[in-house]
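Only the coordinates and a few stated rules stand behind these numbers; no lab work does. Everything numeric in this text was worked out from a predicted model, so none of it was measured. Don't worry about glycine lacking a Cβ; one is built from the backbone with ideal geometry, like all the others, and counts go over all protein chains shown.
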Amino acid sequence: MTLSLYDISIPNYLQILGSTINVLNKGAEYAEENSLDLAQLLETKLCPDMQSLKFQLLSVAHHSLGAIKGIKQGVFSPPPAITDIDYKSMQGLLKDTLEQIQTITEDEINQLSGKAMKFQMGDFEMPFVAENFIQSFSMPNFYFHAATTYDILRMIGVPLGKEDFLGNMRMG
């Protein structure tokens, strides 16, 4: 079986974006039940030298829809800093990201196969082709930030299990 650019990206983005949205919803319910401040929750970190929940969520969106846009544009850079966003808006951002990815057709993304592009951060650049960028850079980052989101919410006591992270698996 040959895997296409679509196969290695879009179904994975949809699965984990859906599960991350669910995890956030459970986090909001838990916060309400336990009188936790959602603004403070967005600033929560696993460790002092790690980024906050807010950054993790922005990165989930950035390493999915943003990755596809980066391939189309030929360049991908770190996500822009967004400081004035609340928990509900973050939920909306991920829902919007999911909805936009759902509109991407197999033909649209598969036409990007083999396309040269680069990761750029200031003067630093890393050259890629679309498939290698997705598999070796963006997808690992996407999963890292989704897992860190789960971990932060689990750390504060949100009742989550592995099935919450896995979401709707593709079986059969």
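Of G70, G18, G27, all but one fail to be closer than 30 Å to D123 by Cα, among the small types (G, A, S) and touching a residue at least 12 places away in the same chain (Cβ under 8 Å); the exception is G70. Scanning region 145-172 for residues that are under 16 Å from L57 (Cα atoms) and β-branched (V, I, T), we see that the one that is surrounded by the most Cβ atoms within 10 Å (Cβ to Cβ) is T149. The lone criterion from (1) surrounded by fewer than 17 Cβ atoms within 10 Å (Cβ to Cβ); (2) part of a helix (DSSP H, G or I); (3) in contact with a helix residue (DSSP H, G or I) (Cβ under 6 Å, 6 or more places away or on another chain) left unmet by N132 is number (3). Checked against the criterion of being closer than 27 Å to K162 by Cβ, surrounded by fewer than 21 Cβ atoms within 10 Å (Cβ to Cβ) and not charged (D, E, K, R), the candidates T20, T44 yield just one match: T44. A count restricted to region 44-84 and to residues that are under 17 Å from L17 (Cβ atoms) and in a loop (DSSP other than H, G, I, E, B) stands at 3. Taken residue by residue, region 137-144 has at least one member that is more than 30 Å from L38 (Cα to Cα) and assigned to a helix (DSSP H, G or I). Looking at K95, K88, just one residue is within 30 Å of V129 (Cα to Cα), out of contact with any Cys (no Cβ under 6 Å at 6 or more places or on another chain) and either part of a helix (DSSP H, G or I) or free of Cβ contacts under 8 Å to residues at least 40 places away in the same chain (or both), and that residue is K95.
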